[in-house]
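First up is the structure itself, then whatever we jot down about it.
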Amino acid sequence: MGILEVKDVNKRFGGLQALGNVNLSVAENTCHAIIGPNGAGKSTLLNCLVGKLIPDTGSVMFDGQSVLGRTPFEINQMGISRVFQTPEIFGDLTVMENMLIPCFAKRDGSFALHGIRSVFSETGLREQAEQMLEEVNMLDKRHMHAASMSRGDKRRLEMAMCLVQKPKLLLLDEPTAGMARADTNNTIDLLKEIKEKRNITIAIIEHDMHVVFSLAERITVLAQGTPLVEDTPENIKGHPKVKEAYLGEAA
Amino acid sequence: MFGLDKKDASLLLIVAVLVAFAPFFLNPFPEGSAMAQFNAGYPDLMQRFVIFGIFAIGFNILFGLTGYLSFGHAAFLGVGSYAAVWMFKLLSMNVIPAIILAVIVAGIFALIIGYVSLRRSGIYFSILTLAFAQMSFALAYSVLTPITGGETGLQLALNDPRILSAATTGGNIPVPALFGFEMRSSTQWAVGDWLFTFNVGYYFAAIIMLCSFYLSIRIFRSPFGMMLRAIKSNQQRLNYTGLNSRPYTLAAFVISGMYAGLAGGLMASMDPLAGAERMFWTASGEVVLMTILGGVGTLIGPVLGAGLIKYMENIISKINSDILHTWFAFLPDGLEDVVVTLIYPFIGKGWHLTLGIVFMLVVIFLPGGLVEGGQRVSRLFGRKKKAHDPKNATTEPAE
Ligand SMILES: Nc1ncnc2c1ncn2[C@@H]1O[C@H](COP(=O)(O)OP(=O)(O)OP(=O)(O)O)[C@@H](O)[C@H]1O
Ligand SMILES: [Mg+2]
């Protein structure tokens, strides 16, 4: 039994079957990649895991508890953090403030009225945030306005915001899209290191096969809303069905 | 100082000094001179400066930080006024219990209205708050006449119980006071042709305004304030980061409602009557204008905006055509009439026209309000950035 168990999930958008009978089991402390052509339903699947969408049928269990019917903040408090396909950060805030908010959420829960104490007296949280920024090589940017950064930096910031919460399950939706090659490699190294050091399960959607094969222990191929195969990276590489799915999409 | 960093502390200090010496530099022109009508240093107006300053500071905690635009904040001001007057009628003429009750009642009111209105965001939230405020107005104006005095408003009477005060001797209705200091009493000081007025009510309201301002700085710099700014910036990210935005916005709504109630209670303390028109939607719109005019989301902006609007309301509206004729008497007769005719629509009752033009100019050319104007001027003179710079205001102090 995996930490994440998706059973018979269906999701329709009007006439479009975005997810059809999706079953997925992600084992604890592994990295599971979900690949597939554009429009396969990968992001839709993640949306069903974090409470952004509610599946029409099926069940989603995390850590032995159902996530269905819970709000996004409750699901996050259960231990799931998500990086979005288009970076979602607090653009009007500084990089440091962006990092502090998940730290507060982790320490104080979904609501705490600290109306008087200064943010800057929170030395413990600040150290945590700075340490995480150091790990993603962004410490020098901590005073910058988040909106003024490059797309790649925004992605790294969002990932750092998720990692600093020490989630049990980290969901990454194309975390390296729009990154320079060097930053992509840094991201791979960072994720590898995090995986070794911490107990963390990662589910990653990625088009960059270099990233997928560097990180994933299992791969699920999704096409037209349905899982085609699930196997180890070695077996997926030459799988005829996988080639067909991608080529079929290209044709 | 007081748990503030250097920039914020100096801003607070500057405001405190300005407020303390306001009776002097709001009266820069000698009595009887042609310019004397531009003097704003009389108690009534100075009280309004600080009271509406409080109102706008509180409004800015909601609008400036979370971006939720309430169009019904005057309802809380009105409720605060009614609560305070009832306290004067039933308990005593001491302003402290009146103000405390005003804040509490406005807070409860805000909790109810906020709880319902915050189920929606954007324009729907604004419309909901507007609807609630207009309902409150209608209630106060007619339905609840026994409590609110209806059209005539709520006034004090000689035979009010006032259980904590000694029976009033003589036939006068007592006036609000702070342990014997009557709010309306003033001392005047003549220096040459100048006349300066020091009013108890003004200084009392000013001290409360400074406390409110200090509290708002603390809120801006607190984790709570940071969460509110995060809500404005990206509510979706906040929710996926494990934070429930609803109680944060509700807390901000209630706090700003309590600020409004405080302002309403102070208004009633200066002049112990309350009328439904204080809750009318134009009054709610006014505080929006004040905040935008001064600079949304800046610390000092709302106070400046409140000051500017109240100054224009009281000074420009007093200019009449005779005064215009004396000003332009140096022009040839025909030309004088033309100039006076051109300016006339913008003065007296037409001061709203002037306000409208000023507002448009500010929104178009200074989207950051008067605070941005101040920054541009100070940059022009190559001075160091001011403490109330909104960009600096969101960044960290140097380590
Ligand atoms: N909220 C929505 N309403 C209607 N249709 C949607 C919605 N979200 C996704 N879809 C549709 O569902 C299908 C799957 O979309 P999804 O975003 O999950 O694909 P994806 O695998 O993430 O693709 P990509 O690789 O381009 O990100 C697409 O056809 C998309 O247009
Ligand atoms: Mg996608």
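The values are calculated or read from the model by the stated rules, or taken from the named source; none is laboratory data. Given the structure is predicted, the values throughout are model-derived calculations rather than measurements. Neighbour counts run over all protein chains shown; Cβ positions are idealised from the backbone, glycine included.
If I filter the range B:326-341 for residues that are in contact (Cβ under 8 Å) with a residue 12 or more places away in the chain and closer than 30 Å to B:Leu299 by Cα, do I get at least one hit?
Among the residues of the range B:326-341, not one is in contact (Cβ under 8 Å) with a residue 12 or more places away in the chain and closer than 30 Å to B:Leu299 by Cα, which makes the answer no.
Taking the criterion of being under 17 Å from B:Thr249 (Cβ atoms) and either among the aliphatic types (A, V, I, L, M) or under 22 Å from the mean Cα position of the chain (by Cα) (or both), would at least one residue in the range B:97-106 satisfy it?
No.
Determine whether B:Ser269 is over 30 Å from B:Pro174 (Cβ atoms), under 21 Å from the mean Cα position of the chain (by Cα) and among the hydroxyl-bearing types (Ser, Thr, Tyr).
So B:Ser269 does not fit the description; no.
Do you know which residues across the range A:30-67 are within 16 Å of ligand 2 (Cβ to nearest atom), over 14 Å from the mean Cα position of the chain (by Cα) and of a type in the set (A, V, I, L, M)?
A:Ala40, A:Leu53
Is it true that A:Ala203 is within 14 Å of ligand 1 (Cβ to nearest atom) and either in a helix (DSSP H, G or I) or modelled with pLDDT of 90 or more (or both)?
So A:Ala203 passes the test.
Whether any residue in the range B:244-263 is away from chain A (no Cβ under 14 Å) and within 25 Å of B:Trp351 (Cβ to Cβ) is what I want to check.
Yes: the range B:244-263 contains one or more residues that are away from chain A (no Cβ under 14 Å) and within 25 Å of B:Trp351 (Cβ to Cβ).
Kindly provide the set of residues from the range A:54-77 that are of a type outside the set (Val, Ile, Thr), touching a residue at least 24 places away in the same chain (Cβ under 8 Å) and away from ligand 1 (no atom under 16 Å from the Cβ), ordered by number.
Of everything in the range A:54-77, those that are of a type outside the set (Val, Ile, Thr), touching a residue at least 24 places away in the same chain (Cβ under 8 Å) and away from ligand 1 (no atom under 16 Å from the Cβ) turn out to be A:Ser59, A:Met61, A:Phe62, A:Asp63, A:Phe73, A:Glu74, A:Asn76, A:Gln77.
Tell me whether the range A:187-194 contains one or more residues that are within 16 Å of ligand 2 (Cβ to nearest atom) and either surrounded by 20 or more Cβ atoms within 10 Å (Cβ to Cβ) or outside the structural domain of A:Thr30 (by TED's automatic domain parsing) (or both).
no
Determine which member of the set A:Ala147, A:Ala112, A:Ala160 is among the aliphatic types (A, V, I, L, M), away from ligand 2 (no atom under 16 Å from the Cβ) and assigned to a loop (DSSP other than H, G, I, E, B).
From the options A:Ala147, A:Ala112, A:Ala160, the qualifying one is A:Ala112.
Would you mind telling me which numbered condition in (1) under 16 Å from the mean Cα position of the chain (by Cα); (2) hydrophobic (A, V, I, L, M, F, W, C); (3) within 16 Å of ligand 2 (Cβ to nearest atom) A:Met78 fails?
The number of the failed condition is (3).
Identify the residue in the range A:2-53 that is closer than 11 Å to A:Ile205 by Cα and within 14 Å of another protein chain (Cβ to nearest Cβ) and, among all such residues, is nearest to ligand 1 (Cβ to nearest atom).
A:Ser43
Give just the number: which of (1) buried (at least 22 other Cβ atoms within 10 Å of the Cβ); (2) within 16 Å of ligand 2 (Cβ to nearest atom); (3) not basic (Lys, Arg) does A:Leu4 not satisfy?
Looking at each condition in turn, A:Leu4 falls short on (2).
Can you tell me which condition B:Ile173 does not meet? The list is (1) over 19 Å from B:Ala276 (Cβ atoms); (2) loosely packed, with under 13 Cβ neighbours inside 10 Å, and all the others hold.
(2)
Using beta carbons and a limit of 8 Å, which pairs, at least six apart or on different chains, have the first residue in the range A:36-48 and aliphatic (A, V, I, L, M) and the second one near ligand 2 (Cβ under 8 Å from one of its atoms)?
Correct list of pairs: A:Leu46/A:Asp173; A:Leu46/A:Ile205.
Report, by residue number, each residue of the range B:213-229 that is more than 10 Å from every other protein chain (Cβ to nearest Cβ), of a type in the set (Ser, Thr, Tyr) and surrounded by fewer than 24 Cβ atoms within 10 Å (Cβ to Cβ).
Answer for the range B:213-229, where residues must be more than 10 Å from every other protein chain (Cβ to nearest Cβ), of a type in the set (Ser, Thr, Tyr) and surrounded by fewer than 24 Cβ atoms within 10 Å (Cβ to Cβ): just B:Tyr214.
When you check B:Ala276 against the structure, is it touching a residue at least 24 places away in the same chain (Cβ under 8 Å), crowded, with 22+ Cβ neighbours inside 10 Å and closer than 17 Å to B:Ser70 by Cβ, yes or no?
For B:Ala276, the condition - touching a residue at least 24 places away in the same chain (Cβ under 8 Å), crowded, with 22+ Cβ neighbours inside 10 Å and closer than 17 Å to B:Ser70 by Cβ - is not met.
Quick check on A:Pro87: is it buried (at least 22 other Cβ atoms within 10 Å of the Cβ), farther than 30 Å from A:Gly39 by Cβ and either under 17 Å from the mean Cα position of the chain (by Cα) or touching a residue at least 12 places away in the same chain (Cβ under 8 Å) (or both)?
no
Of everything in the range A:115-144 that's assigned to a helix (DSSP H, G or I) and within 21 Å of the chain's Cα centre (by Cα), which residue is nearest to the other protein chains (Cβ to nearest Cβ)?
A:Ala129
Pull up the range A:163-198, narrow it to residues that are in a loop (DSSP other than H, G, I, E, B) and away from chain B (no Cβ under 14 Å), then point me to the one that is farthest from ligand 1 (Cβ to nearest atom).
Within the range A:163-198, the match that is farthest from ligand 1 (Cβ to nearest atom) is A:Arg198.
Within the range B:110-125, which residues are buried (at least 20 other Cβ atoms within 10 Å of the Cβ) and in a helix (DSSP H, G or I)?
Within the range B:110-125, B:Ala110, B:Ile113, B:Gly114, B:Ser117, B:Phe125 meet the criteria.
For the list (1) β-branched (Val, Ile, Thr); (2) out of contact with any His (no Cβ under 8 Å at 6 or more places or on another chain); (3) more than 19 Å from A:Glu88 (Cβ to Cβ), I need the number of the one condition that A:Thr176 fails.
Checking A:Thr176 against (1) β-branched (Val, Ile, Thr); (2) out of contact with any His (no Cβ under 8 Å at 6 or more places or on another chain); (3) more than 19 Å from A:Glu88 (Cβ to Cβ), the one that fails is (3).
Looking at B:Leu293, is it surrounded by 15 or more Cβ atoms within 10 Å (Cβ to Cβ), of a type outside the set (Gly, Ala, Ser) and over 30 Å from B:Gly149 (Cα atoms)?
yes
Out of the residues in the range A:81-96 meeting the condition of being more than 7 Å from chain B (Cβ to nearest Cβ) and more than 16 Å from ligand 2 (Cβ to nearest atom), tell me which one is nearest to A:Phe120 (Cα to Cα).
A:Val95
Does A:Met99 meet the test of being farther than 21 Å from B:Asn244 by Cα and either more than 7 Å from chain B (Cβ to nearest Cβ) or surrounded by 19 or more Cβ atoms within 10 Å (Cβ to Cβ) (or both)?
no
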